[in-house]
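Shown next, in structure tokens, is the structure this report addresses.
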Amino acid sequence: MKMKDLQFGIIGWGYWGPKIARNLDALPQAAVTMVADTDPHRIALLKADQPWMQATTHTGDIFQADIDGVIIAAPVRTHYQLAKQALLSGKHVLVEKPLTADVTEARELVALAKERGRILMVGHTFEYNPAVNELRKLVQSGDLGKIYCIEAERVNLGLFRNDINVIWDLAPHDISILLYLLGDKPEQVSVQAHAHLQPHIHDIAHLDLGYADGMTAHIHVSWLHPCKIRRVTVIGDKRMVVYVVTQLSELVKIYNKCADVHVDPVVSYRYGAITIPHIDWIEPLRLECEDFANSIRTGTQPRAHGEVGLAVVEVLAAAQKALAWQEEQMVKARVNGIKSR
């Protein structure tokens, strides 16, 4: 199969659908030829803007179409059923993050893709980010030394969702970054989260992850913050590095400083220069789309393959379980407090 033979269909024409279409269409002789969305207004606007595009409000039409790959950019609750139908129809599938909202469903999709010999990929865009790749090189090479801790912050004012909480909406990005940097999953997950504006929809959350080697990670996600911050800090015993998404001219800063204990209990410090490596910037979504198309063409496994998506869902599910336990304990504490009066 040549690249020019690839045709794609997209389910979901909201935020991500048009962005993915733009990047797929930019690939040499690849094309998005069909779009499905259950919103008639969106489909009407698409037909008016791109009259040559096949557009439908019936998602099932995508599965019957003569296309190679299906991109699912629909709400999370629909990911499992849509991806399953696409795989059963013989299509290769790219699902926006997270893969599913359930571990069992994610495992089933991974197994089904393997059984059918189809590519299953997840939209973990940051795994294709050139700055994150630079960060991974620094971690994997040992240049930062032993990693003590990684801190990730992803906060903004909005966009509020009513179908999933902030953990399932924003944390998949940082969990996938951690998996990519470390090549390992956490052994412990604890959570503190709060729902301020919508009952039972948590809009601020703090996740603490513990790893087998003693390393820790902290993820702060929020829809309720005055500033847009996208930052990852890696703290090593030789150097420290900060990655800030919103500063394209200085995406990665390497701090030649550290703290260590040489003669217990005295902590020693080292302060050195700040290095800003040059990073050749390419839009991560473009690289993600290239990987998907190339995997279909060659049969090779994409970077953000289904197993990676499953691993992220497993961590998210562990966080959700920890949150449920925390809330149960809070209810018990309130009940016991009332009884003791």
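Assuming 0.36 nm per residue, please report the length gained on full extension of the stretch residue 49 to residue 26 beyond their Cα-Cα distance.
6.5 nm
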> Near residue 321, which lysines are there with a Cα under 17 Å away, not counting those fewer than 8 places off in the same chain?
Replying inline: 185, 332
>> Pick from 121, 53, 34 the residue whose mean-square fluctuation is largest in a GNM of the chain, springs joining Cα atoms under 10 Å.
In response: 53
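For the pair residue 250 and residue 282, what calculated FRET efficiency results from E = 1/(1 + (r/R0)^6), where r is the Cβ-Cβ distance and R0 = 25 Å, to the nearest 0.05?
Computed FRET efficiency for residue 282 and residue 250 comes out at 0.90.
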> Ranked from the most accessible area to the least, with a 1.4 Å probe and all protein chains present, what is the order of 107, 230, 297?
Replying inline: 107, 297, 230
> Do you know the relative contact order of the stretch 35-178, to the nearest whole percent, from alpha carbon pairs under 8 angstrom that are 6+ apart?
Replying inline: 17 percent
> If you take the alpha carbon radius of gyration of the stretch 1-154 and divide it by 2.2 N^0.38 Å, what ratio comes out, to two decimals?
Replying inline: 1.19
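Please report the antiparallel percentage of DSSP beta bridges with both residues in the chain, rounded to the nearest 5. List each step's numbers first, then the result.
Details: 41 of 68 bridges.
If I count the DSSP bridges inside the chain, around 60 percent turn out antiparallel.
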>> Using only the Cα atoms of the stretch 1-68, what semi-axes does the equivalent ellipsoid have when each is the square root of 5 times a gyration tensor eigenvalue? Give whole Å, largest first.
In response: 20, 13, 10
> Taking the Cα centre of each part, how many Å lie between the stretch 153-231 and the stretch 22-99?
Replying inline: 28 Å
>> Can you give me the convex hull volume of the Cα atoms of the chain, divided per residue and expressed in Å³?
In response: 177 Å³
>> Please compute one quarter of the surface area of the Cα convex hull for the stretch 41-129 and express it in square nanometres.
In response: 6.7 nm²
> If you roll a 1.4 Å probe over the heavy atoms of the protein chains, what accessible area per residue do you get for the stretch 68-223, in Å²?
Replying inline: 39 Å²
> Between Rg and the Kirkwood Rh of the stretch 176-323, both from Cα atoms, what is the Rg to Rh ratio?
Replying inline: 1.01
>> If you split all Cα-Cα distances of the stretch 110-197 into 10 Å bins from zero, what percentages do you get per bin, shortest first?
In response: 12, 36, 33, 17, 2
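Roughly how big is the chain's charge dipole about its Cα centre, with Cβ charges of +1 (Lys, Arg) and -1 (Asp, Glu), in debye to the nearest 20?
Details: 36 positive and 39 negative charges, 63 e Å.
The calculated dipole for the chain is roughly 300 debye.
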> At a probe radius of 1.4 Å, what is the per-residue accessible area of residue 227, in Å² to the nearest 10?
Replying inline: 70 Å²
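Which FRET efficiency value, to the nearest 0.05, do you get for residue 64 and residue 162 by plugging their Cβ-Cβ distance into 1/(1 + (r/R0)^6) with R0 = 25 Å? Please list the in-between numbers first.
On the way: r = 32 Å, r/R0 = 1.27.
That gives a FRET efficiency of 0.20.
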>> Per 0.36 nm of contour for each residue apart, how much would the distance between residue 7 and residue 115 grow if the chain were fully extended, relative to their Cα-Cα spacing?
In response: 36.6 nm
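Please report, as a whole percent, how much of the solvent-accessible surface of the stretch 145-255 comes from carbon and sulfur atoms (probe radius 1.4 Å).
Looking at the stretch 145-255 in its full context, I get 52 percent from C and S.
Is it possible to state the helix-based mean residue ellipticity at 222 nm for the chain, with each DSSP H run of 4+ residues giving -39500 (n - 2.57), the sum divided by total residues, to the nearest 500 deg cm²/dmol? What is it? Spell out each step's value before the answer.
On the way: 9 runs with 127 residues, N = 341.
When only DSSP H runs of four or more count, the value is -12000 deg cm²/dmol.
The values are calculated or read from the model by the stated rules, or taken from the named source; none is laboratory data. None of these values were measured; they are calculated from a predicted model. A quick note on method: Cβ atoms are made from the backbone with ideal geometry, for glycine too, and the neighbour counts reach across all protein chains shown. Just the protein is used for accessible areas: all its heavy atoms, side chains included, with ligands, DNA and RNA removed. Shrake-Rupley method; radii C 1.70, N 1.55, O 1.52, S 1.80 Å.
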